[in-house]
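No lab work stands behind these numbers, since they all come straight from the coordinates. If you're wondering where the values come from, they're calculated on a predicted model, not measured in any experiment. Cβ placement follows ideal geometry from the backbone for every residue including glycine, while neighbour counts extend to all protein chains displayed.
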Amino acid sequence: MRTLILPIGPPGAGKSTLTNGLQQFMTAIARPCSTANFDPANDNITYNAAFDVRELVNVEEVMEREELGPNGGVLWAMEEVEANFDWLEQQLDQCEETIVLDPPGQPELMVHHMALPRILQRLERAGYRIVVVQLLDSVVLTRPSLYLSSLLLCVRGMLHLPYPVVNVLTKIDNLKAVGGADLPFNLDFYTEVQDLQHLLPVLSAEQHSTGGGGGEKWERLNEALVSLVEDFGLVAFETLAVEDRQGMASLLKAIDRASGYVFAGARATDEEGRTLDDEASVWAQAMSEQWAGKMDVRDVQERWIERKEEYDEVERGQWEEEARLAGALPEQSAASVVKKHAEERGAEFVGDEDEDELVAEQRKWEAEREKGGGGGGTKVVRKG
Ligand SMILES: Nc1nc2c(ncn2[C@@H]2O[C@H](COP(=O)(O)OP(=O)(O)OP(=O)(O)O)[C@@H](O)[C@H]2O)c(=O)[nH]1
Ligand SMILES: [Mg+2]
């Protein structure tokens with residue numbers, strides 16, 4: 001059975017970048033994978049596309065012929081794809097077992113236009129296992145109202161495309177630069193979406209300060225929206241910095257788990273060692289404690305917000321070491337690079353100059369944690 005991964009999300013959320021990142025990552029782990037451009041307006045394909053929807057329909061031609069604007073042109077083009085479903089099936093037939101389709105960013109496609117849901121329905125009937133990866137730029141965390149409206153957008157997307165979904169906050173590496181260090185809550189508050197009532201006071205404060213609402217009616221509306229999202233418990237987020245290998249591995253695991261790919265092929269056994277049937281096998285493995293699925297969001301907070309500069313420096317050292325090993329830099333140990341950077345900053349270098357710098361850093365943070373001074377996740381959702 002083939003798996004179809006469909007990243008969706010507003011323009012600029014990172015769909016094409018993720019498509020490229022997934023291709024690179026799967027190629028690196030020798031997993032057969034195809035990527036394809038499904039955006040009739042995309043004229044800058046950075047990945048190695050197995051096929052390009054513009055071979056069938058090109059948005060510029062549609063706009064000229066049908067006298068439509070760019071949005072109308074894309075919607076029209078998707079209907080053209082639906083009308084030529086056989087063409088799409090033939091293209092997909094030639095792809096590998098895992099396929100990433102890079103679609104356009106027009107929100108209409110994910111909210112009310114029916115061409116994409118109908119295409120996916122037909123693909124599902126044809127035997128494709130579909131998983132939707134719903135992307136949101138993590139900048140939405142920096143304004144409570146933007147975060148709340150993004151949650152509603154996620155719910156809307158899930159209703160329109162009723163397939164297993166993985167919601168993802170993208171560009172997490174950029175969050176600190178756009179105000180991520182001053183958020184009123186830790187990252188797990190935003191990713192787990194479980195204590196949304198805490199958002200109400202900051203939402204209200206924002207609305208008062210911008211003059212965009214306020215008053216009893218608004219507060220009641222906010223409460224109703226927050227309850228709607230929270231009570232159904234449908235939304236939670238993974239995080240992603242596309243260049244971070246660990247984050248990419250964690251996301252691919254989440255996608256595999258949602259699609260069922262991770263369970264296909266392998267068969268669990270019962271206590272006597274008898275092979276379980278498919279359904280029981282899937283269930284047994286889903287419940288298996290050995291299945292390591294997710295990167296801890298507290299580590300993400302530490303990596304990308306609280307200790308971003310330190311980690312960046314360690315990574316730089318690591319890359320230099322890799323380059324050195326590849327013969328690109330003069331002989332120099334990686335740890336000595338880290339030591340040099342630490343000295344330049346007037347910071348203490350903890351570790352052995354010959355020791356791997358990641359091990360040294362790990363040792364340092366573990367020591368701090370034991371002393372109770374480590375960064376990372378606090379249990380309290382509200383800071384300060
Ligand atoms: N820092 C950072 N930038 C990213 C990341 N992912 C995407 N970007 C940048 O975000 C911008 C938009 O990314 P795209 O992948 O083109 O977004 P898209 O969703 O395909 O956009 P449309 O096709 O226009 O709908 C590009 O400049 C990317 O380099 C990330 O993880 N980190
Ligand atoms: Mg794109």
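The table for this structure:
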read-out: Alpha carbon centroid spacing (whole Å) that separates the stretch 68-127 from the stretch 194-240; value: 34 Å
read-out: 15 Å reach of a label modelled at Glu55, 7 Å along Cα-to-Cβ, counting backbone N of the stretch 12-34; value: 34
read-out: Sequence-separation-based contact order of the stretch 121-240, relative, with Cα cut under 8 Å and 6+ spacing, percent; value: 34 percent
read-out: Sequence-distant residues sharing a close amide H with Asp137 (under 5 Å, placed H); value: Thr170
read-out: Nearest-0.05 FRET efficiency for Asp299 and Glu67, computed from C-beta distance (R0 51 Å); value: 0.45
read-out: Sequence-distant residues sharing a close amide H with Ala236 (under 5 Å, placed H); value: Asn167
read-out: Entries of Lys171/Lys308; Lys176/Lys217; Lys171/Lys217 with Cα pairs more than 25 Å apart; value: Lys176/Lys217; Lys171/Lys217
read-out: Note, ³J(HN,Hα) from phi for the stretch 231-247, Karplus 6.51, -1.76, 1.60, rounded to Hz, x at Gly and Pro; value: 5, 8, x, 8, 10, 8, 10, 8, 10, 8, 10, 4, 8, 8, 4, 5, x
read-out: Radius of gyration and Dmax over the Cα atoms of the stretch 1-150, both given in Å; value: 15.5, 46
